[in-house]
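No lab work stands behind these numbers, since they all come straight from the coordinates. Note that this is a predicted model, so its numbers are computed, not measured. Reconstructed Cβ throughout: ideal geometry from the backbone, glycine too, with neighbour counts over all protein chains shown.
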Amino acid sequence: MKISRFIFGFASVILTAGAWAASGSAAPVLPKEFGGWQQSGVARTSKDPSAADPLNADVLKEYGFTDFATATYTREDGRKLTIKVASFADAT
């Protein structure tokens, strides 16, 4: 059960990130709500690779890191989920 939720979440993030990168717009990449999850607080965005991953910032730069967004989501039953999305200049 946990694996299927992880795969769904990961696939959703990848698809969203791809659409975000392809659009080239500054529109929010993370939705306010999806599948019963509500965004709690404001999504953070940055163009700084160290904000996305402080330990691997140099690797992110090497692979063409351009943008980053993260948000925490909650459900009515109290569960929490944090989603991080990174965009790169070249999708390959």
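Observations, loosely collected:
- Prolate/oblate/rounded call for the stretch 22-92, Cα gyration tensor, a/c under 1.5 rounded: prolate
- Straight-line reach from Lys47: taking Cα to Cα under 19 Å and skipping same-chain neighbours fewer than 8 places apart, the aspartates and glutamates in range are Asp58, Glu62, Asp67, Asp90.
- Candidates per chymotrypsin sites (Phe, Trp or Tyr not before Pro) in the stretch 37-92, loop by DSSP, up to 10 other Cβ within 10 Å: none
- Paramagnetic reach from Ala89 in the stretch 53-76 [backbone N under 18 Å; point 7 Å along Cα→Cβ]: 57-68
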